[in-house]
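Remarks on the structure that follows.
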């Protein structure tokens, strides 16, 4: 048995990690980059949709406050949005 030259036994830091071949590594990176691009595009589309919905909400609130639409009528708060394509204007 040999003498220790430091606090760790010989070979303690010799750790081997299995690594895929270079071509497989490149394929993995390419796949991850493509999927990340898809996620980025979805995030941008979602942010754009949220901004448009906020704008539409603000316009609807402004129209209700200024009396351009009648929000007191029954039927505006149903699940059938197609039947309310155009809101009537207050006379």
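The values are calculated or read from the model by the stated rules, or taken from the named source; none is laboratory data. For clarity, every value in this text was computed on a predicted model and none was experimentally measured. For neighbour counting, all protein chains shown are included, and Cβ atoms are generated from backbone atoms with ideal geometry for every residue, glycine included.
Spot the failing condition for residue 15; the list is (1) touching a helix residue (DSSP H, G or I) at 6+ places or on another chain (Cβ under 8 Å); (2) exposed (fewer than 10 other Cβ atoms within 10 Å of the Cβ), and only one is missed.
Among (1) touching a helix residue (DSSP H, G or I) at 6+ places or on another chain (Cβ under 8 Å); (2) exposed (fewer than 10 other Cβ atoms within 10 Å of the Cβ), the lone unmet condition for residue 15 is (1).
Does residue 60 satisfy being within 28 Å of the chain's Cα centre (by Cα) and modelled with pLDDT of 95 or more?
The answer is no for residue 60.
Quick one: would you say residue 10 is surrounded by 10 or more Cβ atoms within 10 Å (Cβ to Cβ) and under 30 Å from residue 71 (Cβ atoms)?
So residue 10 fails the test.
Restricting attention to region 15-37, does a residue exist that is modelled with pLDDT under 85, on the phi < 0 side of the Ramachandran plot and out of contact with any strand residue (DSSP E or B) (no Cβ under 7 Å at 6 or more places or on another chain)?
Checking region 15-37: at least one residue is modelled with pLDDT under 85, on the phi < 0 side of the Ramachandran plot and out of contact with any strand residue (DSSP E or B) (no Cβ under 7 Å at 6 or more places or on another chain).
State yes or no: is residue 43 loosely packed, with under 10 Cβ neighbours inside 10 Å and either out of contact with any strand residue (DSSP E or B) (no Cβ under 8 Å at 6 or more places or on another chain) or touching a residue at least 40 places away in the same chain (Cβ under 8 Å) (or both)?
no
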